[in-house]
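The next block holds one structure in the form of structure tokens; read it before the comments.
Taken together, the values in this text are just the output of simple stated rules run on the coordinates, not laboratory data. This one's a predicted model, so the numbers in the text were calculated from it and none came from an experiment. FYI the Cβ positions are ideal-geometry reconstructions off the backbone, even for glycines, and counts take in every protein chain you see.
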Amino acid sequence: MHIRTERLLLRRPRAGDLDAFFEITGNPLAMRYWSTLPHADVSVTRTWLDNMLAREATGGQHFAIELDGKVIGEVGAGRLPDFGFILHPDVWGRGFATEASRAAIAHIFAVTDTPDLRADVDPRNAASLAVLARLGFVETGRAAHTFLLGEEWCDSIYLTLERPAAERA
């Protein structure tokens with residue numbers, strides 16, 4: 001399963017993506033607002049990737065994001081309706097998160113019956129909030145102290161994207 005966008009290739013993740021994903025998940029900048037601390041070593045990323053691949057086998061909708069043949073991130077909904085994305089900081093600010101997310105969302109709504117997609121974002125993550133707003137996600141709530149990462153409590157903004165009206169049964 002492949003999805004081509006103007007600049008990107010979205011494809012199912014595979015075990016061979018381990019090193020590329022570790023470059024992202026081991027990066028403190030990339031993981032700043034993620035729900036876990038940066039991966040200390042590749043074995044943590046291996047478990048993360050193994051879990052992702054296992055969810056794929058049960059209907060998960062994960063996509064590795066490739067730019068010019070190199071994995072630069074991941075997008076999707078491994079546990080519907082929870083949607084998310086992560087990209088390597090080297091490619092931030094170029095519209096790739098929006099481009100990949102738009103394609104992934106269209107695919108997810110086309111192949112599943114989920115009525116909506118949901119995102120949980122740290123309120124300090126202005127860039128991800130802006131991407132989700134461009135995609136049509138709307139805020140549905142907020143909560144304090146939802147994640148303890150190391151010694152730091154993080155808060156959450158909850159957002160939802162409804163299935164387009166034309167696609168509702």
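Just name the residue that is nearest to W92 (Cα to Cα) out of those in the range 20-65 that are in a helix (DSSP H, G or I) and acidic (D, E).
Ranking the candidates gives E23 first.
So for the range 84-99 (the condition being touching a residue at least 12 places away in the same chain (Cβ under 8 Å), more than 23 Å from F22 (Cα to Cα) and out of contact with any helix residue (DSSP H, G or I) (no Cβ under 9 Å at 6 or more places or on another chain)), does at least one residue qualify?
Looking through the range 84-99, none of the residues is touching a residue at least 12 places away in the same chain (Cβ under 8 Å), more than 23 Å from F22 (Cα to Cα) and out of contact with any helix residue (DSSP H, G or I) (no Cβ under 9 Å at 6 or more places or on another chain).
Of everything in the range 6-18, what is touching a strand residue (DSSP E or B) at 6+ places or on another chain (Cβ under 9 Å) and surrounded by fewer than 19 Cβ atoms within 10 Å (Cβ to Cβ)? Give them in sequence order.
Within the range 6-18, R7, L9, R11, R12, R14 qualify.
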